[in-house]
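Quick note: the coordinates plus some simple rules give every number you see, no bench work behind them. Given the structure is predicted, the values throughout are model-derived calculations rather than measurements. Here Cβ is always computed from backbone atoms with ideal geometry, including for glycine, and neighbour counts include all displayed protein chains.
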Amino acid sequence: MALIKCDFYSEVLNLSTSMTVILPQQTHSQIGMDNHIVADKHPTLYLLHGFSDDHTIWTRRTSIERYVAPLGLAVVMPQVDHSFYSDMKHGHNYWTFLTEELPHLARSLFPLSEAREDNFVAGLSMGGYGALKWALNYPERFAAAASLSGVTDIVAHQKRNRKEPESLFAQTFQNIFGDQELEGTTSDLLSLLKTKDKDTVQKPKLYQCCGTEDHLYKDNLLFTEACKQTGFELTTDFGPGEHEWGYWDEKIQDVLKWLPL
């Protein structure tokens, strides 16, 4: 595999930013690695980071490069700051960057497939929210989306933050959304499930895991119940676990096995 730190200029953000990219490489003599290329243009996983992290975190906390090597899967890991994968009221337009600029730019720089059946998105915590938000808003772009310990009820999250206005999360939410009520908007995953169920023919497969000791566990159960009322195919994995990297390192391997490659 080739591990690339790519520094580039974003027209949407009006600043220089970075992404980490893993590209398949066919090797025959490398000891301890089983590397494969499966196509001229690689199937791609967009892998999103959480609230306190950046584009390097998945390679620093897990063995994601080793996990994807035998799959011939490229991985694109962008940097989105504390944006909750949104166009911020006081900040940058990270949603537009993620959904419009990043895929086109990544495909112009690297041999990545544009086909829906070759594109997937996953993330943890804030990134789990971003993965589901991206796939539900643009179901025609992804074959599958996975949330690991994701923020699946953004409305409840916003209400909890308003009860602690001095907290970092509350101040960040104010910077992102201002006084906007999120219920029923394209930021509300529970609302998106209902609206996209009605008008979406090609629905991406969904995967959701969360540890039973995680503070987001109850919110994840609500998402599961809401999804059961729709035509979306959802795979769930709930069991012992907390909001930490040992859990995510294990579960990302399950996600890779689950992906319809």
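With the contact rule set at Cα under 8 Å and sequence spacing of 6 or more, what percent relative contact order holds for the chain? Present the calculation step by step, with values, prior to reporting the outcome.
Working: 517 pairs, mean separation 42.9, N = 261.
Here the relative contact order equals 16 percent.
Hey, in the GNM for the chain with a 10 angstrom Cα cutoff, which one of Asp214, Asp199, Asp81 fluctuates hardest?
Asp199
If you find the alpha carbon centre of region 81-98 and of region 229-245, how far apart are they in angstrom?
When both Cα centres are located, 26 Å separates them.
So for the chain: antiparallel DSSP bridges make up what percent, rounded to the nearest 5? Walk me through the numbers on the way to the answer.
Working: 14 of 39 bridges.
Roughly 35 percent of the DSSP beta bridges within the chain come out antiparallel.
Let me make sure I get this right: for region 172-261, a, b and c are the square roots of the gyration tensor eigenvalues over alpha carbons, sorted descending. Under 1.5 in a/c it's rounded, otherwise prolate if a/b > b/c, else oblate. Which is it? It would help to have the intermediate numbers written out before the result.
On the way: a/c = 1.93, a/b = 1.16, b/c = 1.66.
Judged from the Cα gyration tensor, region 172-261 comes out oblate (a/c at least 1.5, b/c at or above a/b).
From Cα pairs below 8 angstrom and at least 6 apart in sequence, can you work out the relative contact order of region 191-261, rounded to a whole percent? Show your work: numbers first, answer last.
Working: 67 pairs, mean separation 26.3, N = 71.
Averaging sequence separation for qualifying contacts and normalising by length gives 37 percent for region 191-261.
Could you calculate the contour length gain from Asp34 to Glu140, that is, 0.36 nm times the residue separation minus the distance between their Cα atoms, to one decimal place in nm?
Taking Asp34 through Glu140 to full extension adds about 35.0 nm, to one decimal.
Compare Asn14, Asn35, Asn137 in a GNM of the chain, Cα atoms joined below 10 Å, and give the one with the largest fluctuation.
Sorting by GNM fluctuation, first place goes to Asn14.
Which is the longest run of the chain containing none of the GluC sites (Glu not before Pro) found in DSSP loop states (not H, G, I, E, B) with at most 16 other C-beta atoms within 10 Å?
Values: sites that count: Glu11, Glu114, Glu140, Glu166, Glu181, Glu183, Glu213, Glu233, Glu242, Glu244.
In short, 12-113.
In straight Cα distance, which lysines are under 22 Å from Lys5, not counting same-chain residues fewer than 8 positions off?
Candidates past the 8-residue exclusion: Lys41.
For region 157-223, what's the relative contact order in percent, using C-alpha pairs closer than 8 Å and at least 6 residues apart?
Numbers: 23 pairs, mean separation 9.1, N = 67.
In percent, rounded to a whole number, it is 14.
Place a +1 charge on the Cβ of each Lys and Arg in region 96-196 and a -1 charge on the Cβ of each Asp and Glu, then give the dipole magnitude about the Cα centre in debye, rounded to the nearest 20.
Working: 10 positive and 13 negative charges, 42 e Å.
Rounded to the nearest 20 debye, it is 200 debye.
What's the center-to-center distance, using Cα atoms, between region 143-166 and region 1-77 in Å?
26
Local charge sum around His55 (other residues, Cβ-Cβ under 13 Å, Lys/Arg +1, Asp/Glu -1)?
For residues surrounding His55, the net value is -1.
Within region 6-104, list the trypsin sites (Lys or Arg not before Pro) lying in a DSSP loop whose Cβ has at most 13 other Cβ atoms in a 10 Å radius. Display every interim value, and only then the final one.
Working: sites: Lys41, Arg60, Arg61, Arg66, Lys89; in loops: Lys41, Lys89.
Sites meeting the loop and neighbour criteria: Lys89.
Quick one: putting +1 on the C-beta of Lys and Arg, -1 on the C-beta of Asp and Glu, what dipole do you get for the chain around its Cα centre, in Debye to the nearest 20? Don't jump to the answer; show the numbers that get you there.
Working: 23 positive and 35 negative charges, 62 e Å.
Magnitude of the dipole: close to 300 debye.
Give the aspartates and glutamates reachable from Lys257 as a straight Cα distance under 17 Å; neighbours fewer than 8 places away on the same chain don't count.
Output for Lys257: Asp34, Glu65, Glu117, Asp118, Glu233, Asp237, Asp249.
How about Lys163: which lysines have a C-alpha closer than 22 Å to its C-alpha, ignoring those fewer than 8 places off in the same chain?
Lys163 reaches Lys89, Lys218.
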